[in-house]
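**Student:** One structure is given below, represented as structure tokens, and several questions about it will come after.
The values are calculated or read from the model by the stated rules, or taken from the named source; none is laboratory data. Computed from a prediction, not measured in an experiment: that's the story for all the values here. No Cβ is skipped: glycine too gets one built from the backbone with ideal geometry, and neighbour counts run over all protein chains shown. Each accessible area value is taken on the protein alone, full model and side chains, heavy atoms only, with ligands, DNA and RNA left out. Shrake-Rupley method; radii C 1.70, N 1.55, O 1.52, S 1.80 Å.
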Amino acid sequence: MAIHKVVSNAQEACEGIESGMTLMLGGFGLCGIPENSIAHLVKMGVKDLTCISNNAGVDDFGLGLLLQGKQIKKMISSYVGENDEFERQMLSGELEVDLIPQGSLAERCRAGGAGIPAFFTPAGYGTEVGEGKEVRVFKGKPHILEHALTADYAIVRAWKGDTAGNLIFKATARNFNPVMAMAGKITIAEVEELVPIGELDPNEIHTPGIFVQRIFQGKSYEKRIEQRTVKPRS
Amino acid sequence: MLDKNGIAQRIAQELQDGYYVNLGIGIPTLVANHIPQGIDVEFQSENGILGMGSFPFEGDEDADLINAGKQTITALPGAVFFDSAMSFAMIRGQHVQLTVLGAMEVSQNGDIANWKIPGKMVKGMGGAMDLVASADNIIVAMMHTNRAGESKLLADCSLPLTGVACVKKVVTNLACLEIKDGAFHLLERAPGVTVEEIKAATAGKLIIPDEVPEMKL
């Protein structure tokens, strides 16, 4: 028997999420984002959210949907191009934005999940990112202190998951999902395919179920492509 | 003078057998089209793939398989996927031998600015700050001047920095230059470009040797 983690849908999975909370959302661009949960957050209408996510979606998909409804108070991201509404809200001051280097963002999530409160990294030293942060020199090179990140809820998407919460990701849809899964007080995994325990090879699991509290199979996945680049068949 | 492909072609000459390479968005991406014969390199994209291949055939594109520019790509035999923390462990840990990226400005001591124009444009730094802070071998691929005709090779950057004293080499439409000892050292001229033209387009300190060969492409 596995610990009970399976919920039936996004609505049940998102139970307990309230206005003002901090959420982590997996994905890089629109790749690997928890589409079903985001759609439900829009429906819930929770506001004043702090969202930690590498990007902010596009105007009409991904986190862009939460921005449209002005549900986000603060974004913690590394790259927010591709989103006009985001730029508008940021320049007008409606939206608070904390831009941090992508590697520092990933490591801060990992550290948060791994019980490491802070770490030194060279990324951002001598730039705006390093302003006001403690500097220490290791092997002759200056580093800045970055603090771990955690969230009230981390919401990730996986390709396959089992009822014990073990997850396998597909291709580059893995990105931030495993590190964010580690850093949620409650981690919600929405998966494309939910299978009974015993069906996933333990050798091939990327995220151990210990990091996942709720899991469900998403109703459908649009999987929108941001930049469709192809070569012609000759 | 070189076009974007020419710049990429010149940078591709810097590739060495066995290199793991990270290519930024824009001109750097084109470097992958000019790998010299007899050289095996592997491309890392910081969103989580080593062994990145070309764009897929029409109809084969997969939303779950993209590069850091969010473009659909393919994975070559032997490719591997990994999470973002692992990806930047490769970068920060200096397991990637060459980083090529674009820039808005580069200074004569190797500072680079490419993520923000105050009051105008803020897209974010993405992985650029991690890349330039850790990579040993950083080549910038860019046009020598901006759209207003102003030099992008400066004494000091005017835009917010991405990294300090990190760029080793710059390849532009006009020249190939090395950055050391607080100056741009002119190594090669682009085909058909004179030393005088390069001098006029470079605002930072420029060291010109007696002989400046033309690039061989």
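**Student:** Assign one of three labels to the range A:115-234, namely rounded, prolate or oblate, based on the Cα gyration tensor with a ≥ b ≥ c the square roots of its eigenvalues; rounded applies when a/c is under 1.5, prolate when it is not and a/b is larger than b/c, and oblate otherwise.
**Tutor:** Judged from the Cα gyration tensor, the range A:115-234 comes out oblate (a/c at least 1.5, b/c at or above a/b).
**Student:** Moving on to the next point. In chain B, which longest range has no GluC sites (Glu not before Pro) that are both DSSP loop (not H, G, I, E or B) and surrounded by at most 14 other Cβ atoms within 10 Å? The partial results should precede the final answer.
**Tutor:** On the way: sites that count: B:Glu58, B:Glu150, B:Glu211.
Here the longest run is B:59-149.
**Student:** Given a 1.4 Å probe and the protein chains all in place, what does the accessible area of A:Ser220 round to, in Å² to the nearest 10?
**Tutor:** Answer for A:Ser220: close to 70 Å² accessible.
**Student:** Could you sort B:Tyr19, A:Tyr125 by accessible area so the largest value comes first, with the probe set to 1.4 Å? Don't skip to the end; give the middle numbers.
**Tutor:** Details: B:Tyr19 40, A:Tyr125 85 Å².
Reading off the accessible areas and sorting them downward yields A:Tyr125, B:Tyr19.
**Student:** Kindly provide the helix-only [θ] at 222 nm of the protein assembly as shown, computed as the sum of -39,500 (n - 2.57) over DSSP H runs of four or more divided by all residues, to the nearest 500 deg cm²/dmol? Don't jump to the answer; show the numbers that get you there.
**Tutor:** Working: 11 runs with 82 residues, N = 451.
The helix-only estimate for the protein assembly as shown comes to -4500 deg cm²/dmol at 222 nm.
**Student:** I've got another one for you. In peptide A:51-58, what is the residue-averaged number of other protein chain Cβ atoms found within 10 Å of each Cβ?
**Tutor:** On the way: counts 0, 0, 0, 5, 3, 1, 0, 1.
Taking the mean over all residues of the peptide, I get 1.
**Student:** With chain B treated as a Gaussian network of Cα nodes joined by springs under 10 Å, which of B:Asp136, B:Asp156, B:Asp17 yields the largest mean-square fluctuation?
**Tutor:** It is B:Asp17.
**Student:** Modelled label-to-label distance, B:His95 and A:Asn203, 7 Å Cα→beta-carbon offset: nm?
**Tutor:** 2.1 nm
**Student:** If the label point is 7 Å along Cα→Cβ of B:Val195, which residues in the range B:142-176 have backbone nitrogen under 19 Å from it?
**Tutor:** Under cut-off, by backbone N: B:172, B:174-176.
**Student:** Could you check which residue among A:Ser37, A:Ser77, A:Ser92 shows the biggest mean-square fluctuation in a GNM of chain A with a 10 Å Cα cutoff?
**Tutor:** Among A:Ser37, A:Ser77, A:Ser92, the largest GNM mean-square fluctuation belongs to A:Ser92.
**Student:** Please find, in a Gaussian network model of chain B (springs between Cα atoms separated by less than 10 Å), the residue of B:Val140, B:Val80, B:Val41 whose mean-square fluctuation is greatest.
**Tutor:** B:Val80
**Student:** Then there's this: With +1 on the Cβ of every Lys and Arg and -1 on the Cβ of every Asp and Glu, and nothing else charged, how large is the dipole of the protein assembly as shown about its Cα centre, in debye rounded to the nearest 20?
**Tutor:** Working: 41 positive and 55 negative charges, 86 e Å.
Charge dipole, the protein assembly as shown, about its Cα centre: 420 debye, nearest 20.
**Student:** Another question, then. Distance check, please: which entries in A:Lys74/A:Lys133; B:Lys4/B:Lys70; A:Lys47/B:Lys120; A:Lys185/B:Lys120 exceed 32 angstrom between their Cα atoms?
**Tutor:** Details: A:Lys74/A:Lys133 20 Å; B:Lys4/B:Lys70 20 Å; A:Lys47/B:Lys120 28 Å; A:Lys185/B:Lys120 38 Å.
Cα-Cα > 32 Å for A:Lys185/B:Lys120; rest within.
**Student:** Between A:Asp48 and A:Gln227, what FRET efficiency follows from the Cβ-Cβ distance if R0 is 30 Å, with the result rounded to 0.05?
**Tutor:** Numbers: r = 32 Å, r/R0 = 1.07.
According to the calculation, E is roughly 0.40.
**Student:** Under the definition of partner shielding as Cβ atoms of other protein chains within 10 Å of a residue Cβ, what is the mean value for peptide B:156-165? Before the final figure, lay out each step's value.
**Tutor:** Numbers: counts 0, 0, 0, 0, 3, 7, 7, 7, 5, 1.
Average neighbour count from other chains, rounded to a whole number: 3.
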